[in-house]
Amino acid sequence: MSVLPAAGVSFDIEVPVAIVGAGAAGMTAALAARDAGAEPLMLERDAVAQGSTALSSGLIPAAGTKIQHAKGIADSPDLFAADIQHKARNEADKQLVTLLARESGPTIDWLAEKHGVPFTLVEGFLYPGHSVLRMHGTPRRTGAELMAFLSEAATRAGAELVTQAHVDALYADATGRVAGLRIRRPDATIESIGCGALVLACSGFGGNPDLVQRYIPEMADALFFGHTGNKGDAVNWGTALGAAVRDMGAYQGHGSVATPHNILITWALMMEGGIQVNAEGKRFSNEHQGYSEQSVAVLAQPGRVAFNIYDHRRHELAMQFEDYRNAVAAGAVKTAVTPAQLAAMLGLPADALTATLEDAHAFATGEAEDRFGRDFTGSAPLGAPYFGVKVTGALFHTQGGLVVDAQARVCRPDGTPLPNLFAAGGAAAGVSGPAVWGYLSGNGLLSAVTLGRLAGTHAARLSRRGTAIAASN
Ligand SMILES: Cc1cc2nc3c(=O)[nH]c(=O)nc-3n(C[C@H](O)[C@H](O)[C@H](O)COP(=O)(O)OP(=O)(O)OC[C@H]3O[C@@H](n4cnc5c(N)ncnc54)[C@H](O)[C@@H]3O)c2cc1C
């Protein structure tokens with residue numbers, strides 16, 4: 001992934017706004033660029049645009065949306081910003097947190113009303129760290145469905161997408177102005193495309209083992225559950241152009257991926273009273289701290305696995321998630337009438353699991369206090385029949401990346417923006433602080449759609465200004 005000199009290059013075609021990557025960030029940038037009157041071109045390395053977005057649950061947190069309002073949910077950008085910072089121990093970039101919290105509501109309203117994405121509010125439980133219900137998802141609660149709606153909207157809006165177009169180099173001048181890019185096709189043919197502005201929407205570096213080893217060594221041997229085509233190109237190009245990066249050790253982990261089935265098991269189970277035990281049948285953490293840091297806690301257990309234990313009532317709650325239904329269909333979810341029978345099915349010591357469930361019952365009824373500090377009293381105690389799933393910890397996506405300003409322009413270490421380079425989603429540094437514990441549920445897609453919208457809007461404006469100047473010369 002190189003940056004080559006632009007001097008003397010003649011491009012096959014010229015576009016006002018080029019967008020590398022067509023996940024949620026790229027699609028949103030393209031829609032915003034169209035709305036701002038430009039003709040964007042998305043370049044996607046895969047045959048079908050999916051990215052990590054299609055692998056996700058597709059749930060986007062946003063404050064002050066019309067959907068929340070209709071449900072009587074009192075939320076505000078300030079409350080959302082406080083929740084983000086609380087999870088990140090006040091170590092997330094303040095300006096970016098304020099920006100994303102403020103833009104989140106208008107972005108969801110815009111996608112719903114202008115571009116027909118049928119969001120509804122996820123109800124029934126709160127994700128860890130969110131003070132109010134603010135997760136918005138499409139009906140099936142899958143990222144694949146979100147991608148389908150975004151792709152249809154982009155087609156309707158007339159945003160062009162070229163697939164099987166692997167961008168492998170940028171062309172830039174000495175000031176850092178990007179003149180264009182080079183794409184490589186599966187048959188090894190090369191094409192070059194000039195652009196007035198460039199949006200990097202090609203996500204982070206979870207698919208690049210060397211970069212993961214360098215910045216996130218604790219997850220180097222873990223299952224990577226995100227899109228393997230995300231190789232860190234944005235960070236590599238940006239830094240070659242003089243950009244700053246931030247929080248490279250931050251990431252979204254997850255402590256609840258069914259193994260060996262590799263299916264995400266919703267954390268709603270834990271938030272509503274379920275527990276995680278290790279192979280000894282014992283709890284090992286406060287499950288309510290967050291699913292991201294739980295990836296590390298689970299991987300530290302014997303065999304690098306844990307077991308989600310819950311009951312029929314929580315099972316019913318989880319059935320609203322397609323991933324969970326798939327896990328049931330795949331045989332990952334076991335059920336039994338007594339703890340001892342469930343222990344036998346999961347290969348756990350029966351006495352230990354029974355004792356752990358007795359403890360959890362005492363915590364829920366307020367007769368005892370959890371030594372890990374979790375408050376169990378908000379949910380009814382677990383009761384027969386019991387359910388269990390064997391899970392492991394995984395790396396979902398990276399949160400470190402290029403530093404951007406309020407227009408999603410990529411910035412140098414001194415804070416000045418590069419001339420015409422924008423970043424959104426996993427390509428940009430997020431709002432999760434420096435490490436795994438700072439990830440608040442939904443920080444990933446929050447950055448993808450809000451920064452995507454800002455990047456597309458401002459890239460379009462910049463390219464229009466560039467055209468006007470060229471025409472007047
Ligand atoms: C299992 C799972 C569940 C998740 N659930 C949630 C959730 O519910 N809520 C949430 O907020 N976040 C969630 N996330 C995180 C979320 O998926 C990401 O934060 C988000 O999808 C990032 O969007 P993006 O557009 O930046 O990247 P992506 O969707 O990964 O898109 C990047 C695209 O760029 C393409 N690309 C890369 N390099 C190049 C190149 N050189 N040339 C051309 N194309 C290139 C890739 O092929 C890819 O299609 C989850 C992640 C996982 C893995």
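Rounded to the nearest 500, the helix-only mean residue ellipticity at 222 nm of the chain stands at -10500 deg cm²/dmol, with each DSSP H run of n ≥ 4 adding -39,500 (n - 2.57). Counting Lys and Arg as +1 and Asp and Glu as -1 over every other residue whose Cβ lies under 11 Å from the Cβ of Ser151, the net charge comes to -2.
The length gained on full extension between Lys334 and Lys66, counted as 0.36 nm times the residue separation minus their Cα-Cα distance, comes to 92.5 nm.
Using only side-chain charges placed at the Cβ, +1 for Lys and Arg and -1 for Asp and Glu, the dipole size of the stretch 118-176 relative to its Cα centre rounds to 340 debye.
Backbone geometry of the stretch 345-355 corresponds, through the Karplus equation with coefficients 6.51, -1.76 and 1.60 at θ = phi - 60°, to 3J(HN,Hα) couplings of 5, 9, x, 10, x, 4, 4, 5, 5, 4, 5 Hz, x marking Gly and Pro.
The residues of the stretch 1-127 expose on average 42 square angstrom of accessible surface per residue, using a 1.4 Å probe on protein heavy atoms. Sparse packing (at most 16 other Cβ atoms within 10 Å of the Cβ) combined with a DSSP loop state is found for the following GluC sites (Glu not before Pro) in the stretch 238-343: Glu280. Legend: distances between Cα atoms for Lys71/Lys114; Lys66/Lys87; Lys87/Lys390; Lys231/Lys390; pairs beyond 23 Å are Lys66/Lys87; Lys87/Lys390; Lys231/Lys390. Taking every protein chain into account, the 1.4 Å probe leaves Ser151 with about 40 Å² of accessible area, to the nearest ten.
Per-peptide packing, taken as the mean over residues of other Cβ atoms within 10 Å, places 336-344, 444-452, 369-377 in the sequence 444-452, 336-344, 369-377 from highest down.
Magnitude of the charge dipole for the chain, about its Cα centre and with charges confined to Cβ atoms of Lys, Arg (+1) and Asp, Glu (-1), is about 620 debye. For Arg325 and Asn262, what is the calculated FRET efficiency with R₀ set at 25 Å and r taken between the beta-carbons, to the nearest 0.05? The value I calculate is 0.95.
Straight Cα distances below 12 angstrom link Lys282 to the aspartates and glutamates Asp351, Glu358, Asp359, with same-chain residues fewer than 8 positions distant left out. In the chain, with Lys and Arg counted as +1 and Asp and Glu as -1 at Cβ, which of these residues, Val333, Ala188, Ala201, has the Cα nearest the positive end of the dipole, that is, farthest along it? The residue sitting farthest along the positive end of the dipole is Ala188.
A simple rule links phi to the HN-Hα coupling: the Karplus curve 6.51 cos²θ - 1.76 cosθ + 1.60 with θ = phi - 60°, which for the stretch 18-31 gives 9, 10, 8, x, 10, x, 4, 5, x, 5, 5, 4, 5, 4 Hz, with x for Gly and Pro. Here the gap between Ala384 and Val162, fully extended at 0.36 nm per residue and compared with their Cα-Cα distance, gives a gain of 74.6 nm. Computed from backbone phi with θ = phi - 60° and the Karplus coefficients 6.51, -1.76 and 1.60, the 3J(HN,Hα) list for the stretch 165-175 is 10, 7, 6, 10, 7, 10, 10, 9, 9, 5, 7 Hz; x is used for glycine and proline.
For Lys334, give me every one of the aspartates and glutamates with a C-alpha distance below 16 angstrom, ignoring sequence neighbours fewer than eight places off in its own chain. Cα-Cα hits under 16 Å: Asp311, Glu316, Asp323.
The values are calculated or read from the model by the stated rules, or taken from the named source; none is laboratory data. From a predicted model like this one, the values you see are computed outputs, not experimental measurements. Counting neighbours? That spans all protein chains shown, and the Cβs are built from the backbone with ideal geometry, glycine included. Note: accessible area is taken over every heavy atom of the protein model, side chains too, but ligands, DNA and RNA are not part of it. Shrake-Rupley method; radii C 1.70, N 1.55, O 1.52, S 1.80 Å.
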